Amino acid sequence: SQQGEEDPQALSIQEGENATMNCSYKTSINNLQWYRQNSGRGLVHLILIRSNEREKHSGRLRVTLDTSKKSSSLLITASRAADTASYFCATPTVTGANSKLTFGKGITLSVRP
Amino acid sequence: DAGVIQSPRHEVTEMGQEVTLRCKPISGHNSLFWYRQTMMRGLELLIYFNNNVPIDDSGMPEDRFSAKMPNASFSTLKIQPSEPRDSAVYFCASSLGWGTNYGYTFGSGTRLTVV
């Protein structure tokens, strides 16, 4: 399976601190995506990083991808209470000519005011 | 755009009843996905469509589940008969283009409770 596995499962930090979340996967991918899910809501797409990219930024988010280690990290800088949510990495699972996103179990981030 | 619209938001039904979940994808998106989320199993892909054609239904748990996409702006997921173990949050998502080259936009989900 190419399912990403996130680490840690849960993270609790103080507002203003940085949060680093990791994702490992098993087989070669052409891209990796990160999503956020607030309690009781649907998932929101954050960033897509392609296999030929090493780093990507979006506001306070920084995503890295190391294809040699088959791992990615999501860094949220200067965290806010509103960043409290579950974060998922998603990787393509390819079957023939078709591909679909497979999600990990997610990381629960709590940001204390 | 209003995003991906799912209805109903919540559904409580008795075991054995038929349940129909509805989804309106974002206009112009070519792919539509149905996922199920539970604490135990996380997010599972049930089925996905491309240009209204079912591409992969290998995640559909059993024959009690069926999905249709009669046109580019509407899809349904039906469970008949429903069982308590079907209780979960069901998400519909859509994406521009084929496969996984674009991010998915998720709806707010339908929380299904089968008693």
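The values are calculated or read from the model by the stated rules, or taken from the named source; none is laboratory data. All of these numbers come straight from a predicted model, not from anything done at the bench. Here the Cβ positions follow ideal geometry from the backbone for every residue, glycine too, while neighbour counts run over all protein chains shown.
Of the residues B:Ser94, B:Ser75, the single one that is under 23 Å from A:Gly104 (Cβ atoms), surrounded by 16 or more Cβ atoms within 10 Å (Cβ to Cβ), within 15 Å of the chain's Cα centre (by Cα) and more than 11 Å from every other protein chain (Cβ to nearest Cβ) is B:Ser94. Within region B:85-115, being in a loop (DSSP other than H, G, I, E, B) and among the hydrophobic types (A, V, I, L, M, F, W, C) holds for B:Leu96, B:Trp98, B:Val115. Per the listing B:Tyr35, B:Tyr48, the residue uniquely within 14 Å of chain A (Cβ to nearest Cβ), modelled with pLDDT under 95 and assigned to a strand (DSSP E or B) is B:Tyr48.
If you go through region A:62-94 and keep only what is within 19 Å of B:Ser31 (Cβ to Cβ) and in contact with a strand residue (DSSP E or B) (Cβ under 7 Å, 6 or more places away or on another chain), you end up with A:Phe88, A:Ala90, A:Thr91, A:Pro92, A:Thr93. Can you tell me which residue is farthest from B:Lys78 (Cα to Cα) among those in region B:97-115 that are surrounded by fewer than 20 Cβ atoms within 10 Å (Cβ to Cβ) and touching an Asp or Glu at 6+ places or on another chain (Cβ under 9 Å)? It comes out as B:Val115.
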